[in-house]
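Step one of this worksheet: look at the structure below.
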Amino acid sequence: MDDPKPLEWNHAKLLSIFTGLLVLIGIIYSIATILQWRSINQQARLMSQQLEIMKAEMGRTEVARAADLLLRFDERLSKEPYPKLAAAIDSRKHLLKENGGKFTDNDLEGYLNILEAMNDLYQKHLIPEDLFYSGYSYEIEKAYDNSEIQSYLKKLRKDDASLYLGFDKLAEDMKAYPSPTP
């Protein structure tokens, strides 16, 4: 029986085997990298879709919150005596009893307190400006332009100059707001 010839492991063969292993490892690494890149890309697309869904949800939440706030202010303004007070302001009738009108100082201050609170919402952008403007600018501007209200505010501010400054700011903002063009 012939003995098989023993393998000779010379330097050239070892180098060839080592190079082949390195190439094989490089190919495996490249495949793994490509698969990982595709997985990351897919995750990024999914995250982008989720972000869009979250943005839409936030938008719907903001609209719902704004609508709720508008309804709450409408509800407050619709309680007596405020509708009659707003009508008197609009028709330029006397407001306060001391001036021949039908309303007390408390009635007027309650109305002004509501408008003052509206300023906080407006300044914090909790209601979109266009909705706020279309819903309340007329009423706010009429109240601001009313000479009897201005006289009353002047009298109140003798004791505390900071009273109803939010109402003033809101009215000025409403006057400066660009009116929609027909």
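The values are calculated or read from the model by the stated rules, or taken from the named source; none is laboratory data. If you're wondering where the values come from, they're calculated on a predicted model, not measured in any experiment. Note that we place each Cβ from the backbone using ideal geometry, even for glycine, and neighbour counts take in every protein chain shown. Please note that ligands, DNA and RNA were not included when accessible areas were found on the heavy atoms of the full protein model with its side chains. Shrake-Rupley method; radii C 1.70, N 1.55, O 1.52, S 1.80 Å.
Rounded to the nearest 20 debye, the dipole magnitude of the chain is 120 debye, with +1 charges on Lys and Arg beta carbons, -1 on Asp and Glu beta carbons, and the Cα centre as origin. Sorting 111-123, 156-168 by their mean Cβ neighbour count within 10 Å, with the most densely packed peptide first, gives 111-123, 156-168.
Only lysines eight or more places from Lys175 in sequence, or on another chain, were considered; those with a Cα closer than 23 Å are Lys93, Lys124, Lys142, Lys154. Taking all protein chains as shown and a probe of 1.4 angstrom, Lys84 keeps an accessible surface of around 130 Å². Calculated on the Cα set of the range 30-179, radius of gyration then Dmax: 23.9, 90 Å. Accessible surface calculations at 1.4 Å, restricted to protein heavy atoms, place the chain at 73 Å² per residue.
When the alpha carbon coordinates of the range 87-131 are projected onto the principal axes, the ranges are 39, 20, 9 Å, largest first. Only Lys, Arg, Asp and Glu carry charge here, each on its Cβ (+1 for the first two, -1 for the last two); on that basis the range 25-104 has a dipole of about 240 debye about its Cα centre. Could you tell me what % of all Cα pairs in the range 63-120 have separations over 13 Å? Counting pairs separated by more than 13 Å, the tail of P(r) holds 63 percent.
A simple charge model with +1 on the Cβ of Lys and Arg, -1 on the Cβ of Asp and Glu and nothing else charged puts the dipole of the range 87-182 at about 300 debye relative to its Cα centre.
D by Stokes-Einstein for the range 36-96, Kirkwood Rh over Cα pairs, 4 °C, 1.567 mPa s: 83 µm²/s.
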